[in-house]
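In what follows, a single structure is set out as structure tokens and then discussed.
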Amino acid sequence: MPRKPITPDNAFLRLATLCARCEQAEGDLRKKLRDWGIAPGDADVIISRLKQERYLDNERYARAYCRDKLRFNGWGRIKIAFMLKGKGIEQEFIDAALAQIDEEQYVNILNEALAAKAKTLSAKSDEAKRASLLRFAASRGFESNLIFPAVSRLTPHGDED
């Protein structure tokens, strides 16, 4: 059974409610509007109105996304920036969001993630364990200049960078 078409006014109300609950990216909202069959001209009007009424703010979204992904997912700056770019967030907002990260907290998150991962490894050699930890930290999006010293502290003979 086909769905009843959604009107632009109804789409605005749905998106405003969604944005009031949690931060949203403009790109994600535009995709929803396309999926609902809203014409591109109407979608532009809806997005403009959401911005004007402060429901939608890409800078605010980038800060919240960065804070949450670091704290709850343990992601590094590289992965966070990549995902924000994929959502169509402007580079200046990404840079501002990443700049808010406390360096000490950031390094602690990396060290805790590596220590937890090291406990689960059953690698036979120290070299295999080290390689596994390096891959793990890189997949989380941490920078290599932080990964190598952190892994070296966890693995014996880890000082030959």
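Residue-by-condition table, conditions (1) buried (at least 16 other Cβ atoms within 10 Å of the Cβ); (2) assigned to a helix (DSSP H, G or I); (3) touching a residue at least 12 places away in the same chain (Cβ under 8 Å); (4) touching a Ser or Thr at 6+ places or on another chain (Cβ under 6 Å):
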site: Ala97; (1), (2), (3), (4): yes, yes, yes, no
site: Tyr106; (1), (2), (3), (4): yes, yes, yes, no
site: Ala113; (1), (2), (3), (4): yes, yes, yes, no
site: Lys119; (1), (2), (3), (4): no, yes, no, no
site: Ser122; (1), (2), (3), (4): no, no, no, no
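From Asn73, Asn58, which residue is polar (S, T, N, Q), in contact with a Phe, Trp or Tyr (Cβ under 8 Å, 6 or more places away or on another chain) and on the phi < 0 side of the Ramachandran plot?
Asn58 is the lone residue from the list that is polar (S, T, N, Q), in contact with a Phe, Trp or Tyr (Cβ under 8 Å, 6 or more places away or on another chain) and on the phi < 0 side of the Ramachandran plot.
Select from the range 68-94 the residues that are closer than 19 Å to Leu56 by Cα and of a type in the set (D, E, K, R) and write down the one among them that is farthest from the chain's Cα centre (by Cα).
Of everything passing the filter in the range 68-94, Glu92 is farthest from the chain's Cα centre (by Cα).
Which of the residues that make up the range 113-160 are β-branched (Val, Ile, Thr) and more than 26 Å from the chain's Cα centre (by Cα)?
Thr155
Considering each residue of the range 24-49, count those that are under 16 Å from Gly86 (Cα atoms) and either assigned to a loop (DSSP other than H, G, I, E, B) or over 20 Å from the mean Cα position of the chain (by Cα) (or both), and give that number.
Counting residues in the range 24-49 that are under 16 Å from Gly86 (Cα atoms) and either assigned to a loop (DSSP other than H, G, I, E, B) or over 20 Å from the mean Cα position of the chain (by Cα) (or both) gives 2.
Look through Leu50, Leu98 and report the one residue that is within 13 Å of Ala25 (Cβ to Cβ) and in contact with a Cys (Cβ under 8 Å, 6 or more places away or on another chain).
Leu50
So, in the range 65-92, exactly how many residues are among the small types (Gly, Ala, Ser), out of contact with any Lys or Arg (no Cβ under 9 Å at 6 or more places or on another chain) and surrounded by 15 or more Cβ atoms within 10 Å (Cβ to Cβ)?
So the count comes out to 1.
Please go through the range 19-29 and give me each residue that is crowded, with 17+ Cβ neighbours inside 10 Å and without any contact (Cβ under 8 Å) to a residue 40 or more places away in the chain, ordered by number.
Cys19, Gln24, Leu29
Any read-out appearing in this document is the output of simple, stated calculations on the displayed coordinates, not a laboratory observation. Not measured: the values here are computed from a predicted model. Cβ sites come from the backbone with ideal geometry, for glycine too, and all protein chains shown count toward neighbours.
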